[in-house]
Every structure is written in structure tokens, then in C-alpha cells.
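Chemist: The structure follows.
Quick note: the coordinates plus some simple rules give every number you see, no bench work behind them. What you see is a predicted model; the values in this text were computed from it and never measured. When we count neighbours, we look across all protein chains shown, and the Cβ atoms used for this are built from the backbone with ideal geometry, even at glycine.
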């Protein structure tokens, strides 16, 4: 076990994997594995005032995609950045939140 400031012990919880159909809006701390089924790129928009595009990482724009991901029980929509949204890839989410 690791210790933190003040001599208190940090207790690690064992990960509990859930299926997509078990997710409820507004809940937190989920761990799940899903596969990217489809991905559609989101076009980069210019900022108001003619500045650089809204999604810029370093000197190149970031790739943003809206992906349909799921397991054998259900599918959900996930907004992916850069290589996260490649079709066929398995994604592992740890301590993620479910929102509307």
C-alpha cells in the first residue's frame, strides 16, 4: 500500500468492469471496454474573429471524430481526439463518467 501526506494509507479499489447497457446518466467511476464501430470526422471551425481553428494541438489541428462505440449489449456515442477514433480499435475506459 502507498502512503500519502500525513501518514494516511491509500487503499486502491479493484476495478469492476461494466457493460454499456449498465450505464446510467449522471453516474461516475465506470470501467469498461468497447470497440469503435464507426467514426465520422467533425470539421474544424474557425474561431470568431478569424483566428486559428478551435481544435489546434501544437502546430497542427487535432482530429476530432464522433464515434459509435459499444460492446455486445449496446452502443454509445463517444467524442474521440486524434487516433482514439480509428474504426476497429478496442478502447478501455477507466474511471469514466456517464452523461446525457
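Chemist: Run the quick spin-label model on residue 33 and residue 12: label points 7 Å from Cα toward the beta carbon, then report their separation in nm to one decimal.
Modeler: The modelled label-to-label distance comes out at 1.8 nm.
Chemist: Now for a separate question. Between residue 91 and residue 75, what length in nm is gained on full extension when 0.36 nm per residue of separation is reduced by their alpha carbon distance? Walk me through the numbers on the way to the answer.
Modeler: Numbers: separation 16, 0.36 × 16 = 5.76 nm, distance 1.29 nm.
So the extension gain works out to 4.5 nm.
Chemist: For 100, 92, which order do you get if you count the other beta carbons within 10 Å of each Cβ and list the fewest first?
Modeler: Numbers: 100 4, 92 11.
Lowest to highest Cβ neighbour count: 100, 92.
Chemist: What's the exposure ranking of 11, 69, 36, 75, going from fewest to most Cβ atoms within 10 Å? Intermediate results must be reported in sequence, preceding the final value.
Modeler: On the way: 11 7, 69 24, 36 20, 75 16.
Going from least to most buried by this count: 11, 75, 36, 69.
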